[in-house]
Amino acid sequence: MLLAYLFYESKIAFIILTPVGVWYFLHWEVDKINQKRREFQEQFREAIQSLAASLQVGYSIENAMKETKKDLSILYKEDTTIQREFTHMVRQIYLQIPAERILEEWAERVEQEDVRNFVNVFVMARRSGGNMIGIIRNTAGQIRDKLEVRAEIETMLAARKYEFKVMAVIPFVMIAYMKFSFPEFMKILYGNPTGIGVMTACLAIYFGAYLLGEKIVNIEV
């Protein structure tokens, strides 16, 4: 591991710091999941707007879902989450599965708060004869507002995020530069308790600053 080499030049350190590598990988996976979740929210907004438009012109919920699938095929590739979900739901419709059950299973699969809230309210409104079109439009509006706020925040933080990524790399670049340019000077930091203590303190400060920076530049809406 690069971290063990730069800070300790020790195989033992490599073993000890392995959990750090695992943590970084898991952290990266969480970032990917969050990115996909944000992308799905945008896709979901488009889907329910299309659904509302189809219901407005008189389609049943089942036929409206079929029309929404057609609209989504124009906007998104087949491998996107929303496309896969609506393809699955349309197949369920042809199998004569009730629309309420299809939507409830969808909410369980995607595990998204917006979808779950929408489905819960929609199913209750349909069973009680409520205004389904109004509910769908209201949900779409709420999601749109949330996405707009997030977009504004991300625009304001874009430069800060870039600076944060650069600053996160600089300490490693500096240590690597010192190791190769002034090896004799850096030797005193390796293989002795004092040097190990200094490098460990630097590493701890770095991780503390990194976690703090992550919280600052990642704001959830």
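The values are calculated or read from the model by the stated rules, or taken from the named source; none is laboratory data. Everything numeric here is computed off the predicted structure, so don't read it as measured data. Virtual Cβ from ideal backbone geometry, glycine too; neighbours counted across all protein chains shown.
A single entry from A13, A4 fulfils the requirement of being touching a Phe, Trp or Tyr at 6+ places or on another chain (Cβ under 6 Å) and surrounded by 18 or more Cβ atoms within 10 Å (Cβ to Cβ): A4.
Against the list (1) part of a helix (DSSP H, G or I); (2) surrounded by fewer than 12 Cβ atoms within 10 Å (Cβ to Cβ), the condition G191 fails is (1). Within segment 66-113, take every residue that is under 17 Å from F40 (Cβ atoms) and among the basic types (K, R) and give me the one that is surrounded by the fewest Cβ atoms within 10 Å (Cβ to Cβ). Applying the filter and picking the extreme gives K77.
If you filter segment 117-141 down to residues that are free of Cβ contacts under 8 Å to residues at least 24 places away in the same chain and in contact with an Asp or Glu (Cβ under 8 Å, 6 or more places away or on another chain), you find that the one that is farthest from A47 (Cα to Cα) is V123. When each of E184, E154 is tested for being more than 30 Å from A52 (Cα to Cα) and among the charged types (D, E, K, R), the lone residue that passes is E184. Just a yes or no: is a residue in segment 154-172 under 30 Å from S60 (Cα atoms) and at pLDDT below 85? For segment 154-172, residues under 30 Å from S60 (Cα atoms) and at pLDDT below 85: absent.
For L189, are the conditions met, namely being more than 21 Å from the chain's Cα centre (by Cα), without any contact (Cβ under 8 Å) to a residue 60 or more places away in the chain and on the phi < 0 side of the Ramachandran plot? When the stated conditions are applied, L189 passes them.
Considering I153, I133, the condition of being under 28 Å from the mean Cα position of the chain (by Cα) and on the phi < 0 side of the Ramachandran plot is satisfied by I153 alone. A search for C-beta distances below 6 Å between a residue of segment 4-25 that is at positive phi and any residue that is surrounded by 13 or more Cβ atoms within 10 Å (Cβ to Cβ), counting only pairs 6+ apart in sequence or on different chains, returns E9/Y190. Test Q35 against the stated conditions and say whether it is surrounded by fewer than 12 Cβ atoms within 10 Å (Cβ to Cβ), under 15 Å from the mean Cα position of the chain (by Cα) and either polar (S, T, N, Q) or in a helix (DSSP H, G or I) (or both). Yes, satisfied.
Within segment 173-212, if we keep just the residues that are over 17 Å from Y24 (Cα atoms) and small (G, A, S), the residue that is modelled with the highest pLDDT turns out to be A201.
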